[in-house]
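Each reported figure results from applying straightforward, stated rules to the coordinates on display, with no laboratory input. Everything numeric in this text was worked out from a predicted model, so none of it was measured. As a convention, Cβ positions derive from the backbone with ideal geometry for all residues, glycine included, and neighbour counts pool all protein chains shown.
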Amino acid sequence: MTHSRSFFFAALFAAALALTGIPHSACAATAADIRQDSAQALRNLFRVNPLAEDLSHKAKAMLVFPNIVKGGFILGGSYGEGELIENGKVTGYYNSASGSIGFQAGAQSYSYVVFLMNDKALNYLKTSQGWEVGVGPTVVVVDTGMAKNLSTTTMKDDAYAFIFGQQGLMAGVSLEGSKISHIDR
């Protein structure tokens, strides 16, 4: 693709995000904001899903994204910032971003937590130049129905993601194609 085409699509994508009403403050959170929002998101998740709390004790680390904003009209995208927690301590900050083209309209927000269950998943996150979900370690998205049939003894995959707190008018939430990248805070 030529440089001008790349610029055109990037500008179009940025315009689509701007039109969805995403507040600029959502893209400029401080470390303290992320920490506070992540703690609240974990409390909310653990309250509605006891399996997630059990999993947090077995995981090597947790990636917590307390507020992902997704929007679009034909062109769409999502963005949010979160933190990596290892042994109860924040060890890094990350963003989660995605873009898409297709039949879509609306806006929504949601939270998600990825439980990294082994060193393979944790090392991949730390050493990759951005983790595109669907490439690299296996990530299983746990929905409400699946959570009722799982236990921490049967969970053997690299990572488990819980999506929760959805608000807004846009069909479906998926992590497929999301890119998780390290950011400085």
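Data for the structure
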item: Inter-label distance for A39 and K120, nm, one decimal - labels placed 7 Å from Cα along Cα-to-Cβ; result: 3.5
item: Under 5 Å, built H, 5+ apart or other chain: amide partners of I183; result: Y93, Y94, N95
item: R185 paired with D157, simple spin-label distance in nm, labels 7 Å along Cα-to-beta-carbon; result: 2.5
item: In sequence order, calculated HN-Hα J values of region 100-108 (Karplus, 6.51, -1.76, 1.60; Hz; x Gly/Pro); result: 8, 10, x, 6, 7, 7, x, 8, 7
item: Residues of type lysines that K60 reaches as a straight line, Cα spacing below 27 Å, ignoring anything fewer than 8 places off in the same chain; result: K89, K120, K126, K148, K156, K179
